[in-house]
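To keep things clear, I will list the structure first and then write my remarks on it.
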Amino acid sequence: MADKIKDFYNKDAEHYESERFLSLAGKYADFAHKQIICSLNNSWEGERILDLGCGTGRISLEMAGKGATVVSADFSNEMLKILTQQANRNVYPVMMDAHKLAVSDAVFDGCICINAIHLISDYEDVLHEIGRVLKPGGFVILNFPNLLGLYLPVGLFVNLTKKSVVRDVYSRWFTINEMRNALLSAGMKIDEIKGYMPFPVSTPKVMLGIAKTLDRLSRNSLLKYVS
C-alpha cells in the first residue's frame, strides 16, 4: 500500500500545483489555507516548524517568509525536487517517513500537516510521531475532511470505498470526535477549530462569490462544525 501511494504522488508531482491551485477557485483555496494557518500562531519569527506531508512546499515557503525555519518532510522525492528548486535558506526539504520521523524527541515548536492526515491509513501512528517530536507546549495545525458535514454522502462513499472520489489513492473522512480522540491518545488536545468550506477547483466564476462567502461564514460560526 505504501509503495502504491508513494508511486502515485511521485507521478502526481508535476501536475500537483496546476491541478489544485491555479484556477480561480484553487487560488482562493490556497489563500484560505494560508490565512487560517497564519491566524493560529501569534508570530512565526524564529519558530522551528515541521511541515509534514509538505508536497511541493507551498505552506513551507509561506512560513519561511514569515520568519520560521521549516523542515519540509515528504515521502515523495519528486515533490521534494520541485520544492528544492524554490526553497530558500530557511526551508530544508527532507525525504522522511511520517511513521518514523528521523529526528530526536522534542525538537519542533510546531507541526503543520495540511491535506495529508486523511490519506494515511494508520494515521494514529503518525499523530504519535508528531507528538514525540514536538517540544512541551508545542502545537500542531492540521486539517481533515469532516464526515458529519455538508458533504456527508461524499464522505460516506469515500469511507466505504477507502479511496478518494477523484483520484485512485487511499482516503478517509473523520468526525471531529474521532480526530479529538486520536489526538488525545497521542498526548494532544484540540485548542481551536476553524471552519473551511471546500468547493471544487472547477467552480465557475459566477458561483465563486457565493462559495467564498459561505467559506468565510464557516470560519468561526457554528458552521465550522459542519465544514
(request) Test Ile193 against the criterion of being touching a strand residue (DSSP E or B) at 6+ places or on another chain (Cβ under 7 Å), of a type in the set (Val, Ile, Thr) and under 17 Å from Leu147 (Cα atoms), and give yes or no. (result) no
(message) So, in segment 86-126, exactly how many residues are modelled with pLDDT of 95 or more, more than 19 Å from Phe8 (Cα to Cα) and in a helix (DSSP H, G or I)?
(response) 3
(request) Kindly list the number of the only condition in (1) at pLDDT 95 or above; (2) open to solvent by 50 Å² or more (accessible area, probe 1.4 Å); (3) assigned to a loop (DSSP other than H, G, I, E, B); (4) of a type outside the set (Lys, Arg) that fails for Tyr196. (result) (2)
(message) Of everything in segment 16-31, what is of a type in the set (Asp, Glu) and open to solvent by 40 Å² or more (accessible area, probe 1.4 Å)? Give them in sequence order.
(response) Glu17, Glu19
(request) Select from segment 3-35 the residues that are among the hydroxyl-bearing types (Ser, Thr, Tyr) and farther than 20 Å from Ser76 by Cβ and list them in ascending order. (result) Ser23, Tyr28
(message) If I filter segment 203-223 down to residues being touching a helix residue (DSSP H, G or I) at 6+ places or on another chain (Cβ under 7 Å) and open to solvent by 40 Å² or more (accessible area, probe 1.4 Å), which single residue comes out as nearest to Asn143 (Cα to Cα)?
(response) Leu223
(message) For the list (1) more than 20 Å from Val133 (Cα to Cα); (2) open to solvent by 50 Å² or more (accessible area, probe 1.4 Å); (3) in a loop (DSSP other than H, G, I, E, B); (4) not hydroxyl-bearing (Ser, Thr, Tyr), I need the number of the one condition that Gly67 fails.
(response) (2)
(request) Determine if segment 41-58 includes at least one residue that is touching a strand residue (DSSP E or B) at 6+ places or on another chain (Cβ under 7 Å), of a type in the set (D, E, K, R), within 23 Å of Val201 (Cβ to Cβ) and surrounded by 14 or more Cβ atoms within 10 Å (Cβ to Cβ). (result) yes
(message) Looking at (1) closer than 27 Å to Ser221 by Cα; (2) touching a residue at least 40 places away in the same chain (Cβ under 8 Å); (3) open to solvent by 30 Å² or more (accessible area, probe 1.4 Å), which one does Ile141 not meet, given that it meets all the others?
(response) (3)
(message) Step by step: first the residues of segment 159-191, then only those that are of a type in the set (A, V, I, L, M, F, W, C) and open to solvent by 80 Å² or more (accessible area, probe 1.4 Å), then the one that is nearest to Tyr123 (Cα to Cα). Which residue is that?
(response) Leu184
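The values are calculated or read from the model by the stated rules, or taken from the named source; none is laboratory data. Remember, it's a predicted structure, so these values are computed and weren't measured experimentally. Neighbour counts run over all protein chains shown; Cβ positions are idealised from the backbone, glycine included. Side chains are part of the model used for accessible areas, which takes the heavy atoms of the whole protein and leaves out ligands, DNA and RNA. Shrake-Rupley method; radii C 1.70, N 1.55, O 1.52, S 1.80 Å.
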